[in-house]
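As C-alpha cells, the structure follows; a few thoughts come after it.
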Amino acid sequence: MKLDFLIKGLKKLTGKLPLTPRTEATEEDTEINGDENVTEDANFNEASNSDLTNPPENSDNELEEETISGNKNALGRRVRLILYSFVSASILGGIGAITGWVVVNSEKTIANRNDLRPSITVSVLADGETAPKNSSHRQENLPGATSDGTGESNGSSEKPKNVAKSPDQDAMVGIIFPHIVEETEDGPLPIIAADGRQPWVEYSRGFKRADRKPRIAVIISNLGLSSTYTSAALEMLPEDITLSFSHVSPKLKTWIREARQKGHEVLMDVPMEPYGFPENDPGRATLLTSSNEVENLNRLEHIMKQGGGYVGLLGTLGTKFMLHSETFLPVLKSIKQRGLIYVDSRSTSRSLGPELASSIQLPRAFNNVFIDTTPSMKAIKKRLGELEQIAFKRKFAVGIAQPYPITVEIISRWIQQLKSKQISLAPITAIVDKQSQR
C-alpha cells in the first residue's frame, strides 16, 4: 500500500517541476548561486519526505473510483462482444435459411417461371414433307354452301347471317375483282387467280407498249390523310399519275374508289423502320427489324386489308429496314405471292429492295428523284429537270412527291410540256422491271 502511495507522490512531484534546458554552469555561477542551490535541494528533500510520509487523504477514494471505472469498461466490452456475436449469428442464420429455401424450392420456382414465360410451339417438317398453306389462304364454307361453292344446301338448318357493310366497305363494290380477292373478316386481300391472273396486271391501266419515247412515272404518296390535299390531287392531276394512299386514311376505300374511277393506278404506302426509331416513328403497322417474320407479315396483311384495287405496295421511309435482308426478304416474298408489284422509295441509296425483288422475280420499280424534298417552286422545277435527264439517259425514270398544293400545281403545269419534249408520262406498271440498277 505504501509503495503505491510512494509512486503516486513521485508522479505528482514530477509534474510540478519545471522543464528547463540543462546548461553547463561556470565556476562563477557556482560560487554566486551555491548557497541558493543548497537551499533549493533542502527544500526539495523536505517536500519529498513530506509527500512520502503524509499521503493525500483522498488517495483511497481515487483508487476505488479507478477500480470501479475499470470494472465498467470490462463490462461494456463484454456486452458489446455479446451483441456482436448475436448480430453475426442472426445474419449467418438468415443466409443459411435463404440458401436452404432456394435449394429445396429451386425446381418448383424454375417450373413456375417457365409456365409464365410466353412460348410458341412450332412443328418442324421432316425431309420431303409438304408445308400446309398459309392460314390467310384458308377459305371456310359458309352455312348453306357446299365445299365446291355451288351454293347448294348441305343440310344445315343454320342460315347465313347478314353482315352490315359500312359506306366505306360498299365503296369497293365494282372496284375489286372477285376472282383475284380473298375476303376475310378484317377486309379483302389480293390473291393470284386460279388461272394465274395477277392483281397488278388486272388493275393496271392501258399503256402503249410500243411507245419508244422515254418514260416517266410520277407517284403522289401519303394521300388520304388530308381531305383538302387529296381532293386537289384527284381534281388537278391526269390519270397517268400514280396515286399511293396511307393505310390509316379514315376514308381510304372511298378515296381509292374515286381514284380508280378517274383512271389512276393505285398503290398502298407501307411504312418501314427508319433510323432513329422510335423517336422517328412512322406510325401503326410499321415493319421493324426487331420484329420476327410472323409479326411483320401480320402488319403487312393488316395494311393490305384496309384497301383494295391497288396494283402494288410502295415502301416508304425504311432507311434501316431496307438494309436488313433477313427481315426484308420475307416481306417481298409475301408481296410476290399476292400478285402485286413492289416500288422502293429508295429512302436510302443502299436499299436492298430492288436487288432482293429481282432475285425472287418480284415485279419491281424504284424511285429516282424525290421531287419536293424542298417544297419551293425553284427546288421542285430543278428536281423535275433532273427527272427528265434520267429519262433521256436511261429511258425510264420514277419520281415521288407529296400532295402539297405547290407540288400538285407545278406538276400539273410541267406535264403539259412533256409532249413537246418527246417524253411520255406513264403509270407505274409501265415502268415495272424496266429500270437498270446500274
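We did not get these values from a lab; they are worked out from the coordinates using the rules stated. Everything numeric here is computed off the predicted structure, so don't read it as measured data. Neighbour counts are summed over all protein chains in view; Cβ atoms, including those assigned to glycine, are modelled from backbone coordinates with ideal geometry.
What to note about this one:
- For the range 170-430, the gyration tensor built on C-alpha atoms gives a rounded shape. Its axis ratio a/c (a ≥ b ≥ c) stays under 1.5.
- Highest-first arrangement of 344-353, 182-191, where packing means the average Cβ count within 10 Å: 344-353, 182-191
- Overall form of the range 224-353 per C-alpha gyration tensor (a/c, 1.5; a/b vs b/c): prolate
- Antiparallel DSSP beta bridges within the range 170-430, as percent of all bridges there, nearest 5: 10 percent
- Mean Cβ count within 10 Å, highest first, over the residues of peptides 204-212, 269-277, 335-343: 335-343, 269-277, 204-212
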